[in-house]
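The values are calculated or read from the model by the stated rules, or taken from the named source; none is laboratory data. For clarity, every value in this text was computed on a predicted model and none was experimentally measured. Every residue, glycine among them, receives a Cβ derived from its backbone with ideal geometry; neighbour counts consider all protein chains shown.
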Amino acid sequence: MNTKRPVNLDLSKFHFPLPAITSILHRISGIIIFIGVAFMLYGLELSLSGEAGFSQISDLLDSFLAKLITWGILSALLYHLVAGIKHLLMDMGIGEELESGLLAAKATVVVSVILIILAGVWVW
Amino acid sequence: MVSSVTNLGRSGVFDWMVQRVTAYVLALYTVFLIGFTLTTDVDYQTWSGLFSQTWFRIFTLLALVSIGAHAWVGLWTVSTDYIKAAAPRFLFQAVCGLGMFVYLVWGIQILWGL
């Protein structure tokens, strides 16, 4: 057999680099926020409709499901904000090289995980 | 040069700039609201008091308009990346555009409605 034949690449050995994962999470979190705006506007409308509406939304936020949705939207928002600030820093030329880009992606994950945990503590 | 008819500003540079300007507005609005809820004892009085002020209504409407423009550029980018067939892509973009319009009108009604 001709040993110079091209070898099929083992696709299972390929991994997305961290910056690619933070990028796709930025997209996913953006879509979640866009859907989440409907929940936020619903809450805002009820909370501003009067004392009764405000206490109604307060009571609603005591339920586990509502807390979970709130935490989910907050998580997407906080991640999107942190990853977005990284983009704005990259506009200024910070974190554009391979090494600094990887570091910036790591920082994005660490900072947003801390903020998401804090948001969870705040919601519950 | 082939230009798409569905992107926001007919030009990638304009879309890029819109995405950045709206990003700064939305970041400021988010940080302000988080700061408000953390530093204020939020009850109906303080909450409705905040939204009764004209400057904050304007700020909120600015944020809503920014969400629409920001989401259009973002979702347009995502849809052109992943939905290759023209008909479903256009349908997706139409649904997104309708959603943004509904959000905007709904928001105006909340802020200034009777």
Could you please tell me which pairs satisfy a Cβ distance under 7 Å, a separation of 6+ or placement on different chains, a first residue in region A:91-103 that is within 14 Å of chain B (Cβ to nearest Cβ), and a second residue that is surrounded by 13 or more Cβ atoms within 10 Å (Cβ to Cβ)?
A:ASP91/B:ARG20
Single residue of B:PHE59, B:PHE36 found to be more than 12 Å from chain A (Cβ to nearest Cβ), surrounded by 14 or more Cβ atoms within 10 Å (Cβ to Cβ), over 17 Å from the mean Cα position of the chain (by Cα) and in a helix (DSSP H, G or I)
B:PHE36
Any residue in region A:64-74 that is surrounded by 16 or more Cβ atoms within 10 Å (Cβ to Cβ), within 30 Å of B:ASP81 (Cα to Cα), at the interface with chain B (Cβ under 10 Å from one of its Cβ atoms) and in contact with a His (Cβ under 9 Å, 6 or more places away or on another chain)?
no
Scanning region B:82-94 residue by residue, the ones that are out of contact with any helix residue (DSSP H, G or I) (no Cβ under 8 Å at 6 or more places or on another chain) and away from every other protein chain (no Cβ under 11 Å) total 8
Being within 22 Å of A:ILE28 (Cβ to Cβ) and loosely packed, with under 13 Cβ neighbours inside 10 Å is the filter here, so list the residues in region B:96-114 that pass it.
B:LEU98
Scanning region A:75-103 for residues that are small (Gly, Ala, Ser) and at pLDDT below 95, the one surrounded by the fewest Cβ atoms within 10 Å (Cβ to Cβ) turns out to be A:GLY93
Looking across region A:105-124 at residues that are without any contact (Cβ under 8 Å) to a residue 24 or more places away in the chain and more than 12 Å from chain B (Cβ to nearest Cβ), the single one that is farthest from B:GLN19 (Cα to Cα) is A:VAL121
Answer residue from region B:62-95, given it is within 19 Å of A:MET40 (Cβ to Cβ) and small (Gly, Ala, Ser) and is surrounded by the fewest Cβ atoms within 10 Å (Cβ to Cβ) among those:
B:ALA69
